[in-house]
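Input: a single structure, listed below in structure tokens.
The values are calculated or read from the model by the stated rules, or taken from the named source; none is laboratory data. Please read all numbers here as calculations on a predicted model, not as lab measurements. Note that we place each Cβ from the backbone using ideal geometry, even for glycine, and neighbour counts take in every protein chain shown. Note: areas computed on protein heavy atoms with side chains; ligands, DNA, RNA excluded. Shrake-Rupley method; radii C 1.70, N 1.55, O 1.52, S 1.80 Å.
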Amino acid sequence: MNHAKCYIPNYPRPQFVRREWVSLDGQWDFAYDPKGEGEKKGYSEGFEKQFGITVPFAAECAASGLGKEEACSSVWYARKFTLTKAQTKKRCLVNFDGVDYTAKVWVNGNFVGTHSGGYARFTFDVTDSVREGENLIVVKAEDCFDVTQPRGKQRWMDYNYGCWYVQTTGIWKSVWMEFTDPAGQINSVKITPRVDEYAFDLEFDTALSADGDYELLTEAEFRGKFVSSVRTRLNGEVLKQKIFIESRFVDNQVYFWSPSDPAVYDFKFTLFKDGAPVDMVGSYCGFRDFRAEGNKVLLNGFPFYEKLVLYQGYWAESGITPPNEEAIVKDIQLMKDAGFNGARLHQVVETDQFLYYADIMGFLVWCELPSPHTFNSRACENVLREWTEIVKQTYNHTTIVTWVIYNESWGIREVSYNRQQQTFSEAMYYLTKAYDGMRPVIANDGWEHTLCDVLTIHNYEQDAKIFSEVYRDVNRLQQRIQKAPPHLPFASGYGYGGQPVIFSEYGGCAFSEDTKAGWGYGESVQGAEAFYVRFGALIRAIKEFDYCSGYCYTQFTDVQQEKNGLFTIDRNCKVDIARLRALNEE
């Protein structure tokens, strides 16, 4: 496997790497606070341990050491950590990759910040609160069954039902500290490939002290060979650079990223003050262009057929948190081995480690906002805030090729006729397009589209002949067709404009024995051979539509009561994986 040069095993944020860091994963003290009395009782300065918990696994899953599925609106975490004198003389940052839903954080009894949003990363500067030697960090996580929260597949009742599963409470992604020079730091960098110029556009956000002469050096390499560098003087905290990558030192001069050759360029960013380096960050990015144009999706200017599988990212022991890096690699490889070239990450925002491996293994990803389940002002505020954070934090990952904001009108149930909901979905579409002018954006996946760069259709019809009849003519897509789903492809006032079409949910076939403790779509198949017939017939039907640019099969694994995966939750393939691949590739 060709790792990026900046790669560090188990580093939680592989695309923005600082070498001086300390993991805070592992054992923490844990306490339930169902009445919300912890702050009044002084838990922020320490509390009596009720349980030990293993971070970054949520309390509901077995990997945390608790495995308690009862919801609690307030839980507390605490752990001690030790800093050297040299570390305390630097700027100390604590990073949380994901806490569901609202986090409040104290260090040595000092309140350092709060953040709401279960699927976005956040950072607090704790420099003024730490000391040499032993320190105490305390986290309060507040969560509830509030349907205005972007919660995705997390249930909002005390039991599982339909396709909603056990809730995730508290810290469910990694926690770590890093250390930077007080004189200045690089907060973030936005990396945009410009394939028509053989260049990358770079936009930096920095934090600088009040005075000094600052410069920023960008160095690019490809597979160990120097490519280019650019050094720019800063006259503010935001800086733009352009770095050209066509190089006689690289055999092909320019390498394009693709699933067959997931080549990435390595970057090193160095911030200087008065000629001395004060911050250094390692990163990488693939050089590729992915867009919707006419009725095709194009990868690097050529039509590309997407063969996706729905991926919900659940594990039996660890919930929606990957058990380790090896498990991530195994999942991606299994999906590739089954003949898929990408995944629609459904109602979850995966870890940066997952996206990193998708980058370097050449596996496409659709990034989707976990849905709220009602529409009001608070839900709109939550969606706007969290989606903005998610897009900014995942933008640089080459593997992400499509943004999905809403799924099947969840959170905008009246979008077919409600002008306010239509307007909000349009606003979210344009907000995303304003930040990312290249990737396709889908405001509402599956049906009742408002604005979309790709028309996506969900249909779990199990009879391939009926499927073919319903969708044989692209001009019929706006009509209410017999045996098609009751939801029209477009909301009232919107229509098909010749976009690419992708069947982004279909299949979902269950085996008869699987449904004893759960469910699948349609009549269960009776054995492996019957499955191959149905699976193959549906794929062939879709591939016969000349207007179609791809499909997404439901789904990779079983998830709790939903028994329609190609694999069990333990990643055992229910059929012959080689035959799956052959059917996908025929």
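Would you check which residues across the stretch 94-112 are closer than 16 Å to Asp128 by Cα, outside any loop (DSSP other than H, G, I, E, B) and open to solvent by 10 Å² or more (accessible area, probe 1.4 Å) and list them? Correct list: Trp106, Asn110, Phe111, Val112. Find the residue count for the stretch 559-586, including only residues that are open to solvent by 10 Å² or more (accessible area, probe 1.4 Å), in contact (Cβ under 8 Å) with a residue 12 or more places away in the chain and either in a loop (DSSP other than H, G, I, E, B) or among the β-branched types (Val, Ile, Thr) (or both). Number of matching residues: 11. Cβ separations smaller than 8 Å between residues 6+ apart or across chains give the following pairs from the stretch 197-224 residues that are at pLDDT below 95 to residues that are among the small types (Gly, Ala, Ser) and open to solvent by 30 Å² or more (accessible area, probe 1.4 Å): Asp213/Gly275. Output the residues belonging to the stretch 177-210 that are within 24 Å of Glu20 (Cα to Cα), open to solvent by 20 Å² or more (accessible area, probe 1.4 Å) and part of a strand (DSSP E or B). Passing the criteria: Asn187, Ser188, Lys190, Glu203, Asp205, Ala207, Leu208. Checking each residue in the stretch 243-260 for being surrounded by fewer than 14 Cβ atoms within 10 Å (Cβ to Cβ) and either assigned to a strand (DSSP E or B) or of a type in the set (Val, Ile, Thr) (or both) picks out no residue at all.
Among the residues examined, Glu70 qualifies as at pLDDT below 95 and more than 30 Å from Arg223 (Cβ to Cβ). Would you say Thr148 is farther than 24 Å from Tyr395 by Cα, in contact with a Gly (Cβ under 8 Å, 6 or more places away or on another chain), in contact (Cβ under 8 Å) with a residue 40 or more places away in the chain and in a loop (DSSP other than H, G, I, E, B)? Taking the combined requirement at face value, the residue does not satisfy it.
Any residue in the stretch 543-552 that is assigned to a helix (DSSP H, G or I), without any contact (Cβ under 8 Å) to a residue 60 or more places away in the chain and touching a Phe, Trp or Tyr at 6+ places or on another chain (Cβ under 9 Å)? Yes, the stretch 543-552 contains at least one residue that is assigned to a helix (DSSP H, G or I), without any contact (Cβ under 8 Å) to a residue 60 or more places away in the chain and touching a Phe, Trp or Tyr at 6+ places or on another chain (Cβ under 9 Å).
Looking at this structure, is Gly536 surrounded by fewer than 21 Cβ atoms within 10 Å (Cβ to Cβ), touching a residue at least 12 places away in the same chain (Cβ under 8 Å), within 25 Å of Thr456 (Cα to Cα) and under 30 Å from the mean Cα position of the chain (by Cα)? Taking the combined requirement at face value, the residue satisfies it.
Of all residues in the stretch 1-42, those satisfying the criterion of being of a type in the set (S, T, N, Q) and within 22 Å of Thr169 (Cα to Cα) are Ser23, Gln27. For the stretch 125-136, residues that are surrounded by fewer than 19 Cβ atoms within 10 Å (Cβ to Cβ) and touching a Phe, Trp or Tyr at 6+ places or on another chain (Cβ under 9 Å) total 2. Val139 - would you say it is surrounded by fewer than 21 Cβ atoms within 10 Å (Cβ to Cβ) and within 23 Å of Gly26 (Cα to Cα)? Considered against the rule, which asks whether it is surrounded by fewer than 21 Cβ atoms within 10 Å (Cβ to Cβ) and within 23 Å of Gly26 (Cα to Cα), Val139 comes out as no.
Would a scan of the stretch 160-168 turn up a residue that is in contact with a helix residue (DSSP H, G or I) (Cβ under 9 Å, 6 or more places away or on another chain) and touching a residue at least 12 places away in the same chain (Cβ under 8 Å)? The answer is no, given that none of the residues of the stretch 160-168 is in contact with a helix residue (DSSP H, G or I) (Cβ under 9 Å, 6 or more places away or on another chain) and touching a residue at least 12 places away in the same chain (Cβ under 8 Å). In this entry, Tyr521 is excluded by the filter for residues that are open to solvent by 20 Å² or more (accessible area, probe 1.4 Å), over 30 Å from Tyr159 (Cα atoms) and touching a Ser or Thr at 6+ places or on another chain (Cβ under 8 Å).
A search for C-beta distances below 6 Å between a residue of the stretch 40-56 that is surrounded by 12 or more Cβ atoms within 10 Å (Cβ to Cβ) and any residue that is part of a loop (DSSP other than H, G, I, E, B) and of a type in the set (Val, Ile, Thr), counting only pairs 6+ apart in sequence or on different chains, returns Pro56/Thr321. Scanning the stretch 76-93 for residues that are more than 19 Å from Glu48 (Cα to Cα) and of a type in the set (A, V, I, L, M, F, W, C), which turns out most open to solvent (accessible area, probe 1.4 Å)? My answer is Ala86. Residues in the stretch 405-462 that are β-branched (Val, Ile, Thr) and open to solvent by 40 Å² or more (accessible area, probe 1.4 Å): Thr423 only.
Here Ala31 clears all of (1) out of contact with any strand residue (DSSP E or B) (no Cβ under 6 Å at 6 or more places or on another chain); (2) over 28 Å from Thr180 (Cα atoms); (3) open to solvent by less than 60 Å² (accessible area, probe 1.4 Å) except the condition numbered (1).
The residues of the stretch 1-28 that are part of a strand (DSSP E or B) and open to solvent by 10 Å² or more (accessible area, probe 1.4 Å), listed by number, are Trp21, Val22, Ser23, Gly26, Gln27. The criterion of at least 1 residues that are of a type in the set (D, E, K, R) is met by the following strands (runs of 3 or more DSSP E) wholly inside the stretch 396-511: 441-445, 501-507. Considering each residue of the stretch 271-280 in turn, none proves to be in contact (Cβ under 8 Å) with a residue 40 or more places away in the chain, buried (at least 22 other Cβ atoms within 10 Å of the Cβ) and assigned to a loop (DSSP other than H, G, I, E, B).
Just one residue in the set Thr402, Thr388, Thr398 is farther than 16 Å from Pro489 by Cα and surrounded by fewer than 21 Cβ atoms within 10 Å (Cβ to Cβ); that residue is Thr388.
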